[in-house]
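Okay, structure first, notes after.
The values are calculated or read from the model by the stated rules, or taken from the named source; none is laboratory data. Not measured: the values here are computed from a predicted model. Here Cβ is always computed from backbone atoms with ideal geometry, including for glycine, and neighbour counts include all displayed protein chains.
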There are 2 protein chains.
Amino acid sequence: MTPGQRELRRARAYLSRVAEPPAPALCELISDAGPVRAAQLVTAGQVSARVAAETAARRADDRAETDLSAVATLGGRLVIPEDAEWPAEAFTCFTTPGAQADDRWRAPVALWMRGAGRLDELAERAVAVVGARAATGYGEHVAAEFGYELAEGGFAVISGAAFGIDGAAHRGALAAEGSTVAVQACGLDRAYPAGHQRLLDRIAGSGAVISEYPPGGWPARHRFLVRNRLIAAFAAGTVVVEAGVRSGARRTAAAAAALGRVVMAVPGPVTSALSVGCHLLVREEQAVLVTRPAEVVEAVGRIGADLAPLLSVPRRCTDGLNPELLAVYEAMPARSPRHPEQLVRDSGVPLHRVRSALPLLELQGLVGCGTSGWHRVVPDGAL
Amino acid sequence: MTPGQRELRRARAYLSRVAEPPAPALCELISDAGPVRAAQLVTAGQVSARVAAETAARRADDRAETDLSAVATLGGRLVIPEDAEWPAEAFTCFTTPGAQADDRWRAPVALWMRGAGRLDELAERAVAVVGARAATGYGEHVAAEFGYELAEGGFAVISGAAFGIDGAAHRGALAAEGSTVAVQACGLDRAYPAGHQRLLDRIAGSGAVISEYPPGGWPARHRFLVRNRLIAAFAAGTVVVEAGVRSGARRTAAAAAALGRVVMAVPGPVTSALSVGCHLLVREEQAVLVTRPAEVVEAVGRIGADLAPLLSVPRRCTDGLNPELLAVYEAMPARSPRHPEQLVRDSGVPLHRVRSALPLLELQGLVGCGTSGWHRVVPDGAL
């Protein structure tokens, strides 16, 4: 790392703590003045009233070096926009004109990260799988399946490391030995939820655990809403597996839609309160209904390259028969043979056409002719 | 009944047996020449080649009187287009230009009927509930609920009296002491399925069992496809509760769509093969996803009069707080009181704004001030 790079990283570490994300005025200042100069101006209090409102409370609190060391101790690092691995493309959605996002949303100032992966590579082919914490067995099963198959298909599975759907999706991806990324709403030195400490370590080993909050940051509720925009932005599409009528997952879905991402929802029993949010998303045309990982891949994948294989449709031996041939075939009981004259009344087909229909049905291997009349060759009793 | 009415009914009884529905050429002849003259021409064989193709096999078989007596013995009757109770409005869909129906489809020549109801009244406010025979417990539960609530809401519940979803929908309507109509693909003297004999009797007692097939007609498979158009036409909308990837219910749905009716599908677990058809209907935009009877009523009901009540959304005490007030509130732990200075760092809000936020939060009853600082009034631990 050159001294210039170290200075940049130090400045962004300071800036990532000095304001509560999203901090649109600070982001504007960084963009105008550059991070090093912006950090100097903020420290000195030589900023506009808007920037001051965002930074006044913490500007004297420069812990950049401590934070960088703390994360290094965890085996992590600070990834900054000046790095080659910065997922710049994923974050263009925050500046795309017309994206109906919260007008305070901005790309993060920097990302604290633990993980083996490279952020830009992880974001290149990524799908978010999110949902309720108090998930059902059904929901966790589906999330794990989706996580597994998407990871196996080369997608990084993005989620929030919460109990329930999030955890199941991460675990599915880990089971496939694929990549998965947890976006946290607190500092990387905290495990949230605490019960997922081991899971978070495994996620870091396979992909990345990231956060825009510096070490020590605690998971206040409003941070989850802010964090959700990063999950949505990081992935090409967001799948909601289970969600109550009011839920963080629906908010992530709204964020994804606002950022121009594909939003998908997995249906479930209408008797389950945990599927109400998914069904609402579909009914309100905010999400596409998806039932299989292949449909997710089709929705977010490269056009033409990632079409979901069609469901195999069971074929019946009578497929393709015109209505008259079908009527003659149907008029023949499964067991006892019939003469053409007997088939006339039950089929409603005139005798001369019954006579021409029978050889056609025989050619198709559906009927045969014996000494006691015509009979079905393929037994087909089910109506 | 006048002699003229008796003659009309006799003619239509003959015509309802002489051709296998749908018989577009015969329908055209009846429309042109009237039913009495059409019956004479068909009997005499003085018809076009197209009509002959439809009627030649059975034209000598005049059982009109026997059929009428047989149905009278069952407590039924033949309802004909010349009757006041003919559901003419329901069947206009067969002649509406632009309806993408099978071009051979026509309104029935007449309808054999057992039942206490009047057909026109039953059709006036009717919803079809259809689905798989090999339904799951979930599907039958949902069908029964929908049948019950729709019937209670004054809708006639239309279905096909099959095992599984159909039967559950009929039973739900019967449990609500509402009206329900079974459309059969065989003569009324047969119970199909045989195990539903008692159910069919109860349906006739509450609404109607109808068929376009004369007594003795047997339920050939092609007749189910033809019958499905009547279920679809009779109802303002069709709800598919469970359906495999290939199923009669999906065909009824396609028929309903072709006839300009509202098609709805109930989602289910993606792990259930019996919900695949429903999900496909939604994914292919052939059906609206519905989760509650109220949503069905909204979709088929009178505009403005039948809106589904909104789902009640749980309210949180922090609803409506702006991000800054929320950040200050969130920065306050659930238990221990805080001084404004302590709230500055965790909320990221400058001191002077924390000081103005606290009285606002107090006005909303969210926080209070004691001797040891500010504290939350409403405990709200869940994230």
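Couple of notes before you dig in:
- Spans of helices (runs of 4 or more DSSP H) in segment B:108-181 with at least 1 residues within 30 Å of B:Ala70 (Cα to Cα) and touching a residue at least 24 places away in the same chain (Cβ under 8 Å): B:119-124, B:165-175
- Residue check for A:Gly268: within 12 Å of chain B (Cβ to nearest Cβ) and closer than 20 Å to A:Gly147 by Cβ: yes
- When restricted to residues that are modelled with pLDDT under 95, in contact with a helix residue (DSSP H, G or I) (Cβ under 9 Å, 6 or more places away or on another chain) and not aliphatic (A, V, I, L, M), segment A:93-114 contains 8.
- Of the candidates B:Arg190, B:Arg202, the single residue that is of a type outside the set (A, V, I, L, M, F, W, C), surrounded by fewer than 19 Cβ atoms within 10 Å (Cβ to Cβ) and at negative phi is B:Arg202.
- Condition met for B:Glu295 (charged (D, E, K, R), out of contact with any Ser or Thr (no Cβ under 8 Å at 6 or more places or on another chain) and within 13 Å of chain A (Cβ to nearest Cβ)): yes
For (1) at pLDDT below 90; (2) under 30 Å from A:Pro350 (Cβ atoms), each residue gets a yes or a no:
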| residue | (1), (2) |
| --- | --- |
| A:Arg246 | yes, no |
| A:Ser272 | no, no |
| A:Glu285 | no, no |
| A:Leu289 | no, no |
| A:Pro293 | no, no |
| A:Ile303 | yes, no |
| A:Pro333 | yes, yes |
| A:Pro337 | yes, yes |
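- Leading residue by the ranking (nearest to A:Ala56 (Cα to Cα)) among those in segment B:346-366 that are in contact with a helix residue (DSSP H, G or I) (Cβ under 8 Å, 6 or more places away or on another chain) and within 10 Å of chain A (Cβ to nearest Cβ): B:Pro350
- Search result, residues across segment A:281-302 that are under 29 Å from A:Thr95 (Cα atoms), aliphatic (A, V, I, L, M) and assigned to a helix (DSSP H, G or I): A:Leu281, A:Val282, A:Val296, A:Val297, A:Ala299, A:Val300
- Test: residue in segment B:210-225 that is of a type outside the set (Ser, Thr, Tyr), at pLDDT 95 or above and buried (at least 24 other Cβ atoms within 10 Å of the Cβ): yes
- Candidates are the residues of segment A:187-212 that are touching a helix residue (DSSP H, G or I) at 6+ places or on another chain (Cβ under 7 Å) and in a loop (DSSP other than H, G, I, E, B); the one that is farthest from A:Ala13 (Cα to Cα) is A:Gly207.
- Qualifying residue in segment A:45-60 (condition: in a helix (DSSP H, G or I), within 13 Å of chain B (Cβ to nearest Cβ), of a type in the set (Gly, Ala, Ser) and touching a residue at least 24 places away in the same chain (Cβ under 8 Å)): yes
- Residues in segment A:4-44 that are among the charged types (D, E, K, R), assigned to a helix (DSSP H, G or I) and touching a residue at least 24 places away in the same chain (Cβ under 8 Å): A:Glu7, A:Arg9, A:Arg10, A:Arg12, A:Arg17.
- Any chance A:Ser48 is among the hydroxyl-bearing types (Ser, Thr, Tyr), exposed (fewer than 14 other Cβ atoms within 10 Å of the Cβ) and either closer than 27 Å to A:Tyr148 by Cα or in contact with a helix residue (DSSP H, G or I) (Cβ under 9 Å, 6 or more places away or on another chain) (or both): yes
- Residue tally, condition within 14 Å of chain A (Cβ to nearest Cβ) and over 19 Å from B:Pro293 (Cα atoms), over segment B:230-253: 7
- Some residue of segment A:168-182 being surrounded by fewer than 24 Cβ atoms within 10 Å (Cβ to Cβ), polar (S, T, N, Q) and over 15 Å from A:Gln286 (Cβ atoms): no
- The set of residues in segment A:270-287 that are within 16 Å of B:Pro293 (Cα to Cα) and without any contact (Cβ under 8 Å) to a residue 24 or more places away in the chain comprises A:Val270, A:Thr271, A:His279, A:Arg283.
- Verdict on B:His279 being within 11 Å of chain A (Cβ to nearest Cβ) and modelled with pLDDT of 90 or more: yes
- Test: residue in segment A:248-268 that is part of a helix (DSSP H, G or I), more than 12 Å from the chain's Cα centre (by Cα), charged (D, E, K, R) and surrounded by 24 or more Cβ atoms within 10 Å (Cβ to Cβ): yes
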